[in-house]
Amino acid sequence: MVDTVRPLRDRVSAPESLPLPSHPDVAAWRPATVADIDGIWQLDRAMGQVDHPNYLATRDEIAEDFGFSHFNPALDSLVGLDAEGRIVANGMVMFPPGQQTLVRSVLHGGVHPELRGRGIGRELLAWQLGRAKQQLASSPKTLPGWVIAFSDERAPQNARLYERGGLTLARHFLALERVLADPIREFALADGIRIAPYTPELSAAVHAARDEVFMDHWSSQPVSAEGWDAFVGAEVFRGDLSFVALGPGPGGTEEIVGFILTTVNEDDWERQGFPGSYISLVGVRRDWRGRHIAQALLSVQLAASRAAGHERATLDVDSASATGALGLYTGMGFTPTNREFAFTLEF
């Protein structure tokens, strides 16, 4: 049972210092810098082409990490270089803010496929876990503290690595696809509720709605202002394929009661085998659930994506979501394709 009476700083035993890993196939280890963004991106693409070839991180996503105030590359990152100076291993340990019900330390990174199976990943993970424990031990909060890492099911070596490192499989998420050529059902909404296009002027209200909606989702915490701005300001964000549901609020004004937000990364289309959109976020505020608002939002997004020339829409869902999201999506014609596993070490 996790102790949530004492502060995390009293519950987590963390190393005072973190020695650099040592491995004969890695010429040097050091913290990452902004100058390493391209090298980390190339490494991430090389890993992704093996582990999850249908989606790869963009360079902007790598660069965003270095712009967050909660990420200190000198302390929270590590790169391993080969004899030619190429980045062949990378580890980041993110400590996001918004810790209302949970304090999280999230692990990212990995080892170049050409150098796997030699023990480099074990050295890298040991360093990451040490840094994660330092982050958790810096917190005076009495909340649960988790180290979290994710692994696509097509990369079983990562799952084995995390389990050997002491993490436990906690959850799995399903990737779903929807063929847009199939009929798209339309949904009539109750009087006073309407669907409208997302606009930048609605950003703050949608952000607040997102944080409210996702507080009953596994491991979710409020998104910082800079994290939200990075998401809706990203090159892949598609406001024209994103929508909100508006309902009557206090004083007769309208308020956000639901939302669906979309990204499109055309670089993934060739590997996916189809042009498509990715539904990043969809949610309905608790008091407005059960009125087919989510279905109506999905219907509008699917129709807009089809009109944009896309063949499929994709999304990810917690397979054990208490909101019944999986059944909602399959009822809208989405079908599972593969899974991503979440591993945790809890304090």
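Of the residues Gly80, Gly67, Gly48, only one is among the small types (Gly, Ala, Ser), touching a residue at least 24 places away in the same chain (Cβ under 8 Å) and open to solvent by less than 40 Å² (accessible area, probe 1.4 Å); which? Don't jump to the end; show me each part of the working.
On the way: Gly67 fails: open to solvent by less than 40 Å² (accessible area, probe 1.4 Å); Gly48 fails: touching a residue at least 24 places away in the same chain (Cβ under 8 Å).
Going through Gly80, Gly67, Gly48 in turn, just one is among the small types (Gly, Ala, Ser), touching a residue at least 24 places away in the same chain (Cβ under 8 Å) and open to solvent by less than 40 Å² (accessible area, probe 1.4 Å): Gly80.
Pick from segment 300-324 the residues that are small (Gly, Ala, Ser) and crowded, with 19+ Cβ neighbours inside 10 Å: which of them is nearest to the chain's Cα centre (by Cα)? Selected residue: Ala313.
Here Arg160 meets each of (1) open to solvent by 60 Å² or more (accessible area, probe 1.4 Å); (2) touching a residue at least 24 places away in the same chain (Cβ under 8 Å); (3) part of a helix (DSSP H, G or I) with one exception, condition (2). In segment 51-64, the qualifying residues are those that are touching an Asp or Glu at 6+ places or on another chain (Cβ under 6 Å) and open to solvent by less than 50 Å² (accessible area, probe 1.4 Å), and the one that is farthest from Gly109 (Cα to Cα) is His52.
For Gly252, the conditions (1) modelled with pLDDT under 95; (2) open to solvent by less than 30 Å² (accessible area, probe 1.4 Å) all hold with the exception of (2). Among the residues of segment 270-291, those that are buried (at least 17 other Cβ atoms within 10 Å of the Cβ), out of contact with any helix residue (DSSP H, G or I) (no Cβ under 8 Å at 6 or more places or on another chain) and not hydrophobic (A, V, I, L, M, F, W, C) comprise Gln272, Tyr278, Arg291.
Within segment 261-286, restricting attention to residues that are of a type in the set (D, E, K, R) and free of Cβ contacts under 8 Å to residues at least 12 places away in the same chain, the residue that is farthest from Arg194 (Cα to Cα) is Glu270. Tally up the residues in segment 193-206 that are open to solvent by less than 80 Å² (accessible area, probe 1.4 Å), outside any helix (DSSP H, G or I) and in contact with a Leu (Cβ under 9 Å, 6 or more places away or on another chain), please. Of the residues in that region, 4 qualify. Residues in segment 32-42 that are surrounded by 18 or more Cβ atoms within 10 Å (Cβ to Cβ) and either in contact with a Lys or Arg (Cβ under 8 Å, 6 or more places away or on another chain) or of a type in the set (D, E, K, R) (or both): Asp36, Gly39, Trp41. In segment 296-310 there is no residue that is touching a His at 6+ places or on another chain (Cβ under 6 Å), at negative phi and among the hydrophobic types (A, V, I, L, M, F, W, C). Here segment 1-31 is the region considered, the condition is being among the basic types (Lys, Arg) and surrounded by fewer than 18 Cβ atoms within 10 Å (Cβ to Cβ), and the residue that is farthest from Phe347 (Cα to Cα) is Arg30.
Of the numbered criteria (1) open to solvent by 10 Å² or more (accessible area, probe 1.4 Å); (2) touching a residue at least 40 places away in the same chain (Cβ under 8 Å); (3) not hydrophobic (A, V, I, L, M, F, W, C), the one Ser105 fails is (1).
The values are calculated or read from the model by the stated rules, or taken from the named source; none is laboratory data. Quick caveat, the model's predicted, so the values are computed rather than measured. Using ideal geometry, Cβ is built from the backbone for each residue, glycine included, and neighbour counts are taken over all protein chains shown. Accessible surface is based on the protein model in full, side chains and every heavy atom, while ligands, DNA and RNA are left aside. Shrake-Rupley method; radii C 1.70, N 1.55, O 1.52, S 1.80 Å.
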